[in-house]
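Worksheet: one structure, shown below.
The values are calculated or read from the model by the stated rules, or taken from the named source; none is laboratory data. Given the structure is predicted, the values throughout are model-derived calculations rather than measurements. Backbone-built Cβ (ideal geometry, glycine too); neighbour counts: all protein chains shown. Note: accessible area is taken over every heavy atom of the protein model, side chains too, but ligands, DNA and RNA are not part of it. Shrake-Rupley method; radii C 1.70, N 1.55, O 1.52, S 1.80 Å.
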Amino acid sequence: MAEAHDRPAEQFKLRLRRYDPESGQAPYWDEHTVELEPHRSVLEAVLQAKDRFDGSIGIRCSCRQAICGSCGVRVNGEPALACHTHLDAAKAGAPEGVIEIEPMGNMPVIKDLIVDMDAVHWKKIQRVTPWLLAKEPVPEREYIVSKDSMVDVTQTMACIQCGACVSDCLSMEVDPGFIGPAALAKAYRFVGDPRDAQHFERLNDLAQDPQGIFDCTHCFKCVQACPKDVNPMGQIMRLRRIATADHHIVDQNNGKRHEDSLTTLVRDYGLLHEAELVPRSYGGNSWFGKFHPAAGKELLSSLPTVIKGVLRGKLSPTKAIFGHRIPKDDLKAVQSIYDKVESRPERYELNLYVAGEDEGAGAPAVAASEGASSAPGPEGATSAQPITTEEAGGGSSYGQDDATASQN
Ligand code: SF4
Ligand code: SF4
Ligand code: FES
């Protein structure tokens with residue numbers, strides 16, 4: 001059987017989204033047919049079209065091996081690194097076999113496939129103070145940290161700043177001011193770092209900001225988009241948990257109270273009782289919560305949505321008022337999960353991202369951090385296979401008892 005790399009060159013049709021804001025012309029589609037082996041990348045195809053047919057095609061690239069993060073685009077509507085997307089795979093997912101390549105979303109286009117990362121992505125990264133605010137006294141030589149304490153931040157250190165998550169973030173589409181997945185993942189990189197002195201200040205800042213950690217709608221798009229399994233949404237959830245559970249930060253955006261209400265409603269009803277969510281967020285676990293002035297205002301503003309839901313049959317008035325009812329045994333089963341989790345003396349956290357070899361025990365192990373201040377939860381493990389420390393870009397230092405941590 002022929003190896004993937006031995007297959008002969010074949011023709012691939014490309015549809016490129018072209019746009020030059022300075023020209024005054026509207027964006028348009030441009031088609032070219034290139035000839036390459038199927039294992040070659042979409043980036044190579046665009047570069048061939050640029051080389052052979054139209055030198056004015058704009059695309060940014062550098063390493064060509066999924067390291068520098070320069071070549072982020074949309075392939076067939078999905079965010080991708082052009083250099084990390086094989087032509088045969090792209091063709092298989094293309095409507096009518098024509099590979100569509102567009103610039104990333106949520107960022108202004110500079111030209112064709114090149115977006116302005118400075119205007120959005122890097123501005124947001126700067127917003128989260130992306131450097132270590134070191135504990136005093138600063139040691140004369142390097143900081144020495146235990147390998148376990150760096151396990152969680154290794155995942156965020158794998159970020160190559162490609163902007164794919166930013167491109168696909170639904171919250172940013174609605175609210176461009178949202179700090180966004182890449183920058184918040186970067187924030188976790190320092191909140192999870194034991195050498196940083198300002199965990200509380202960082203968390204309080206991100207929690208109180210109306211466009212901070214509570215502005216994420218938990219849609220998973222950034223998790224799917226990320227080519228490096230950074231799991232930005234998981235990092236945002238970790239930031240929330242540490243802010244609320246460990247630092248007891250109550251934010252002005254009602255984020256913590258909203259989460260608390262959701263949790264208690266599912267415990268009480270077995271399912272979410274939507275109509276009670278806003279009153280309980282403002283007025284606590286009390287029937288009188290509905291009469292809290294802020295809750296009343298919120299309820300009034302959501303009335304048009306509620307009416308629409310009822311008219312379209314998505315919501316029944318009975319369920320809106322009395323909530324969902326599930327069989328008693330099912331409700332008991334749900335509540336027993338709460339009892340089990342809440343009876344634990346401390347939070348148990350498992351990071352499934354980094355797997356290493358415990359040389360002492362001589363057996364491969366999934367690294368876990370118990371009682372650490374990060375909690376990936378089910379959304380924390382996004383890799384189909386946990387990756388090794390070497391692959392994680394965390395360096396081989398994790399194989400030693402203590403590691404000198406870098407500040408990536
Ligand atoms: S999960 Fe949150 S940060 Fe990620 S894409 Fe959705 S809204 Fe954006
Ligand atoms: S988190 Fe992932 S998708 Fe987002 S910028 Fe970093 S590597 Fe790219
Ligand atoms: S060219 Fe560097 S990631 Fe694609």
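Provide the per residue accessible area, probe 1.4 Å, for the stretch 225-327, rounded to a whole number of square angstrom.
Values: 5690 Å² over 103 residues.
Dividing the accessible area of the stretch 225-327 by its residue count gives 55 Å².
What are the radius of gyration and Dmax of the stretch 60-167, computed over its Cα atoms and given in Å?
18.3, 63
Of the GluC sites (Glu not before Pro) in the stretch 94-167, which ones lie in a loop per DSSP and count no more than 12 other C-beta atoms within 10 Å? It would help to have the intermediate numbers written out before the result.
Working: sites: 96, 100, 140, 142; in loops: 140, 142.
Those that pass, being in a loop and sparsely packed, are 140, 142.
Ranking request for peptides 23-29, 295-301: highest mean number of other beta-carbon atoms within 10 Å first, then the rest in descending order.
Details: 23-29: 9.3, 295-301: 14.0.
For the peptides 23-29, 295-301, the packing ranking is 295-301, 23-29.
Apply the Karplus parameterisation 6.51 cos²θ - 1.76 cosθ + 1.60, with θ equal to phi minus 60°, to every residue of the stretch 270-281 and state each ³J(HN,Hα) to the nearest whole Hz, in sequence, with x for glycine and proline.
Using θ = phi - 60°, the values come out as x, 9, 6, 9, 4, 5, 8, 4, 5, x, 5, 4 Hz.
Evaluate E = 1/(1 + (r/R0)^6) for residue 131 and residue 67, where r is the Cβ-Cβ distance and R0 equals 22 Å; express this FRET efficiency to the nearest 0.05. Before the final figure, lay out the partial values.
On the way: r = 22 Å, r/R0 = 0.98.
Once rounded, the FRET efficiency stands at 0.55.
Nearest 0.05, what FRET efficiency do residue 174 and residue 335 give at R0 = 25 Å with Cβ-Cβ as r?
Working: r = 35 Å, r/R0 = 1.41.
It comes out at approximately 0.10.
With 18 Å as the cut-off, how large is the P(r) tail for the stretch 290-349, expressed as percent of Cα-Cα pairs?
Working: 1095 of 1770 pairs.
Of all Cα-Cα distances in the stretch 290-349, 62 percent exceed 18 Å.
At a Förster radius of 60 Å, what calculated FRET efficiency corresponds to the Cβ-Cβ distance of residue 33 and residue 305, to the nearest 0.05? Walk me through the numbers before you get to the answer.
On the way: r = 48 Å, r/R0 = 0.80.
Result of the calculation: an efficiency of 0.80.
So if I restrict to the alpha-carbon atoms in the stretch 1-146, what is the Rg, and what is Dmax, the biggest pairwise distance, in Å?
Considering the stretch 1-146 through its Cα atoms, Rg and Dmax are 19.6, 63 Å.
If you average the C-alpha positions of the stretch 127-192 and of the stretch 45-78 separately, how far apart do those two centres end up, in angstrom?
Computed from Cα coordinates, the inter-centre distance equals 27 Å.
Measure off 7 Å from each Cα along the Cα-to-Cβ vector at residue 250 and residue 218, then give the distance between these two points in nanometres to one decimal.
A separation of 2.1 nm, rounded to one decimal place.
Through the Karplus equation 6.51 cos²θ - 1.76 cosθ + 1.60, θ set to phi - 60°, convert the phi angles of the stretch 81-91 into ³J(HN,Hα) values in whole Hz; use x for Gly and Pro.
For the stretch 81-91, the Karplus-derived couplings read 8, 4, 7, 10, 10, 6, 5, 5, 5, 5, 5 Hz, x marking Gly and Pro.
With the cut-off at 1.5 for a/c, could you classify the stretch 218-295 from its C-alpha gyration tensor as rounded, prolate or oblate? Provide the component values of the computation, followed by the final result.
Working: a/c = 2.60, a/b = 1.89, b/c = 1.38.
Here the stretch 218-295 falls in the prolate category.
How large is ³J(HN,Hα) for each residue in the stretch 304-320, as worked out from phi by the Karplus curve 6.51 cos²θ - 1.76 cosθ + 1.60 (θ = phi - 60°), to whole Hz, x for Gly and Pro?
Working through the residues one at a time gives x, 5, 4, 4, 4, x, 5, 4, 8, x, 7, 9, 9, x, 5, 5, 4 Hz.
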